[in-house]
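In what follows, a structure is listed as structure tokens, so that the remarks can point back to it.
The values are calculated or read from the model by the stated rules, or taken from the named source; none is laboratory data. Computed from a prediction, not measured in an experiment: that's the story for all the values here. All Cβ positions, glycine included, derive from the backbone under ideal geometry; neighbour counts span all protein chains shown.
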Amino acid sequence: MEWVIANTQSGNPLNECRYISERHATSDLVRLGRVFQSLYNVVPIYEDQRWRNILTEGFRPGDLEGILLPQFSVDVYVPGDADTDNIVVGFLIKGVPEAVFPFKNFCTYTRGVKHVDYGDSDTLPHTSIVYVEFDREQFEVADFIEMIDQICRVGSLKPEDMSITFPNTNKVVPYSTKVIEKYFAKRNVDRNRLEQWKANHERAKQIQKEIEHEMDQGAIGSRLGPSDKEGEHGPHTLKRLKRPAGMSRGAADKPAGGGMEIPETIKASILADAQRNRTNHQQTWKEFDTRWAQRLHTATSKIASIRKQIYGGSS
């Protein structure tokens, strides 16, 4: 998908430049100054006339039927600005990338919403996540409920069709206003940050268990097949190394430098934050590394090795 800088009123492109990503186009628009930013916007180029119409005219009821998944999360993902304690609501768009940008715009103009961003899901193929942020200190439950009602109309869903995941449990809970009111009545800043970290760590452990199970008993293990002779390992046989005597599983899983290994979901948040900082130049990299290191209680060198992946390096 290509992007252009277009006039907010007429929709006409600023120039003939086409960009391979929204980030590159936004970076050029920022360089043009605040005056141009108020007159122009970054928009995708759609070949399908239907999505062109939706981009200019907005959604109608049912436009996201079968595209918007009937499940969303609350406070599972880290805010775009890690220094804030914003509420993050994650919606899933399945199989139609053209729907992501219009849905982002739709959520941006919903009452009470402070910021909207999006990205690809790490666990669900061909699925995008739209992150909708609310300011926790100014949050009104009524605004949240109104947003869900509007989104359900666009997706041809009823509110009772929706389900929610929270950071303090792995269960999927049926959506209701009582569930939302009860959840936010119990939350506070410190508990929210702790539960986010615990949920991400538990999710990383669960993924590791699923991978091990797949390697042992799943389709991957079946394709690898057993060795030809007992005790020997053929070219397509997975050789599982034995743990040294006296070493517990917990000891083996600890990183060499001490402390908890950073989960993949947190690494993804660091990379997303680094991409934003690279575009907006809000902090020096030293300040960036220090902020994340203090938040995760780890070394700045570990944060630096992760965020350098935006340049194509490895951690």
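Things worth noting here:
- Residues within the stretch 8-20 that are within 17 Å of residue 102 (Cα to Cα) and surrounded by 14 or more Cβ atoms within 10 Å (Cβ to Cβ), tallied: 0
- Residues that are more than 21 Å from residue 103 (Cβ to Cβ), out of contact with any Ser or Thr (no Cβ under 7 Å at 6 or more places or on another chain) and assigned to a helix (DSSP H, G or I), drawn from the stretch 30-51: 30, 31, 34, 35, 36, 37, 38
- Qualifying residue in the stretch 127-135 (condition: under 28 Å from residue 276 (Cβ atoms), in contact with a helix residue (DSSP H, G or I) (Cβ under 6 Å, 6 or more places away or on another chain) and of a type in the set (S, T, N, Q)): yes
Residues are listed down the side, and each one gets a yes or a no for (1) surrounded by fewer than 12 Cβ atoms within 10 Å (Cβ to Cβ); (2) among the hydroxyl-bearing types (Ser, Thr, Tyr); (3) without any contact (Cβ under 8 Å) to a residue 12 or more places away in the chain:
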site: 144; (1), (2), (3): no, no, no
site: 156; (1), (2), (3): no, yes, no
site: 175; (1), (2), (3): no, yes, no
site: 178; (1), (2), (3): yes, no, yes
site: 195; (1), (2), (3): no, no, no
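- Members of the stretch 3-35 that are of a type in the set (Lys, Arg) and in contact (Cβ under 8 Å) with a residue 12 or more places away in the chain: 18, 23
- Within the stretch 271-315, the residues that satisfy the criterion of being free of Cβ contacts under 8 Å to residues at least 40 places away in the same chain, farther than 18 Å from residue 77 by Cβ and among the basic types (Lys, Arg) are 278, 286, 308.
- First in the stretch 36-49 and small (Gly, Ala, Ser), second anywhere and surrounded by fewer than 17 Cβ atoms within 10 Å (Cβ to Cβ), Cβ under 8 Å, 6 or more apart: none
- Scope the stretch 80-98; condition closer than 25 Å to residue 44 by Cα and at pLDDT 90 or above; matching residues: 88, 89, 90, 91, 92, 93, 94
- Test: residue in the stretch 85-93 that is more than 18 Å from residue 138 (Cα to Cα) and without any contact (Cβ under 8 Å) to a residue 40 or more places away in the chain: yes
Residue by residue, here is whether (1) modelled with pLDDT of 75 or more; (2) closer than 28 Å to residue 66 by Cα; (3) among the acidic types (Asp, Glu) holds:
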{"site": "171", "(1), (2), (3)": "yes, yes, no"}
{"site": "184", "(1), (2), (3)": "yes, no, no"}
{"site": "189", "(1), (2), (3)": "no, no, no"}
{"site": "192", "(1), (2), (3)": "no, no, no"}
{"site": "202", "(1), (2), (3)": "yes, no, yes"}
{"site": "206", "(1), (2), (3)": "yes, no, no"}
{"site": "215", "(1), (2), (3)": "no, no, no"}
{"site": "221", "(1), (2), (3)": "no, no, no"}
{"site": "227", "(1), (2), (3)": "no, no, no"}
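- Between 117, 83, 75, the distinction of being charged (D, E, K, R), closer than 29 Å to residue 186 by Cα and touching a Pro at 6+ places or on another chain (Cβ under 6 Å) belongs to 75 only.
- Residues that are of a type in the set (Lys, Arg) and modelled with pLDDT under 80, drawn from the stretch 36-56: 52
- Residue list for the stretch 301-315, restricted to those being touching a Lys or Arg at 6+ places or on another chain (Cβ under 7 Å) and either modelled with pLDDT of 85 or more or of a type in the set (Phe, Trp, Tyr) (or both): 306
- Residue 100 under 22 Å from residue 296 (Cα atoms), in the same structural domain as residue 155 (by TED's automatic domain parsing) and not in a loop (DSSP other than H, G, I, E, B): no
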